[in-house]
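**Q** Questions regarding the structure given below will be posed in turn.
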Amino acid sequence: MRRPDPTVWSERSRESRRPGPFTDDEMGAYDAKGFHIEEGLLTPAQVQGLWSEFDRLSADPAVAGSGAIVREAGTDAVRSVFAVHRHSRLIDALARTPRILNRARQILGSEVYIHQSRINAMPGMVGKGFGWHSDFETWHAEDGLPSPRALSLSIALTDNFAFNGGLMLMPGAHRTYVPCVGATPDDNFRESLTEQKVGVPSDDAVYDLGYAFGIEQFTGPAGSALFFDSNSMHASSNNITPYSRANVFLVFNSVENAPVAPFCGNEPRPSHVADRDVVPLTPLDGTEFS
Ligand code: 6CS
Ligand code: FE
């Protein structure tokens with residue numbers, strides 16, 4: 001179905017347009033493609049700080065006890081750590097850094113909060129990819145977000161190459177919403193975060209979108225950033241190289257897009273995967289994320 005919603009919400013009406021860090025050209029490109037890539041959003045030192053947090057959180061029994069650690073099927077290797085903004089003051093500060101927070105506000109045209117955060121480790125040799133999907137499909141059906149007024153920021157914690165699972169996106173496909181047939185199993189997240197089988201587009205839909213829009217890939221040195229619309233069609237392949245592809249993801253949702261009852265009819269997902277506490281993020285008091 002054609003997306004009825006805008007992509008850049010601050011353009012809804014000129015007077016509501018939010019100035020912000022993105023230039024008009026960058027906003028135009030984001031509107032058309034559904035994503036924006038830039039190198040050097042973070043310095044190597046800042047990346048190192050996040051990497052240390054990942055190490056700490058991955059080994060923290062309290063984090064594991066909360067269910068926030070997802071391991072690769074059949075191994076002990078960490079696939080994802082969720083709710084990292086809740087367990088790490090440094091990652092909370094990253095989300096509130098003005099030059100990052102204001103980018104999300106500019107695109108979403110409102111105050112924002114974190115719907116979900118995670119570090120996807122994509123470990124070398126054993127990191128499994130993510131099949132083609134729209135995050136919004138899940139966040140609408142299983143978390144109850146009414147519209148795609150949300151975006152993800154993915155920051156590379158290791159060099160992202162074409163060969164070690166770099167995230168692929170179909171430029172422009174975010175304007176098509178692919179309904180997924182079938183009922184959502186209860187507690188689907190217990191399987192979907194390791195391998196998503198439900199709520200993914202049919203092969204025919206992937207063929208149609210792939211041939212219509214093509215594929216681009218987020219690659220770049222550690223510290224590079226990808227901002228992408230919640231309804232972008234994206235995927236990543238298995239990582240059979242020795243080089244892990246670890247990225248931190250912050251999902252900014254508009255405070256005007258608060259979750260309601262999940263549209264699939266199931267109970268809401270747990271807070272470490274979908275935070276239902278809609279409190280606008282306050283910017284750090286001018287101090288840069290250290
Ligand atoms: O279900 C979710 O929220 C997660 N699933 C995928 C495949 N991407 C977004 C998110 O991490
Ligand atoms: Fe995703």
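**Q** Which order results if 264, 180 are arranged by neighbouring Cβ count within 10 Å, fewest first?
**A** Final ranking by Cβ density, sparse to dense: 180, 264.
**Q** At residue 75 and residue 277, where each label point lies 7 Å from the Cα along Cα→Cβ, what is the point-to-point distance in nanometres?
**A** Here the modelled spin labels are 3.4 nm apart.
**Q** Continuing with the same structure: Towards the positive end of the charge dipole of the chain, with charges on Cβ (+1 Lys, Arg; -1 Asp, Glu), say which of 130, 9, 154 has the farthest Cα.
**A** Checked the options; the winner is 9.
**Q** Using alpha-carbon pairs under 8 Å, 6+ residues apart, how would you state the relative contact order of segment 3-152 in percent?
**A** It comes to 28 percent, rounded to a whole number.
**Q** Quote the charge dipole size of segment 34-257 about the Cα centre in Debye, to the nearest 20; the model charges only the Cβ of Lys and Arg (+1) and of Asp and Glu (-1).
**A** 560
**Q** When a/c reaches 1.5 or more, the comparison of a/b and b/c decides; with that in mind, is the chain rounded, prolate or oblate per its Cα gyration tensor?
**A** rounded
**Q** Let me ask something additional. Express in whole angstrom the spacing between the alpha-carbon centres of segment 237-273 and segment 74-89.
**A** If you average the Cα positions of each part, the centres end up 12 Å apart.
**Q** Pick out, from 113, 207, 179, the residue whose Cα sits farthest towards the positive end of the charge dipole of segment 97-224, with +1 on the Cβ of Lys and Arg and -1 on the Cβ of Asp and Glu.
**A** So the residue we want is 113.
**Q** Where does each of 24, 55, 143 land when they are ranked from fewest to most other beta-carbon atoms within 10 angstrom?
**A** 24, 55, 143
**Q** Then there's this: For segment 1-88, which trypsin sites (Lys or Arg not before Pro) are in a loop by DSSP, counting at most 16 other Cβ atoms within 10 Å?
**A** Here the sparse-neighbourhood loop sites are 12, 17.
**Q** 7 Å from Cα along Cα→Cβ at both residue 204 and residue 263: what's the point-to-point distance in nm?
**A** Result: 2.1 nm between the two label points.
**Q** If I model a spin label at residue 217 and residue 29 as a point 7 Å from the Cα along the Cα→Cβ vector, what separation in nanometres do I get?
**A** Between residue 217 and residue 29, the simple spin-label model gives 1.9 nm.
Readers should treat all values here as calculations from the given coordinates under stated rules, not as data from a laboratory. Nothing here was measured: the structure is a model prediction, and the numbers come from that model. With ideal geometry, Cβ positions are generated from the backbone for all residues, glycine too; neighbour counts draw on all protein chains shown.
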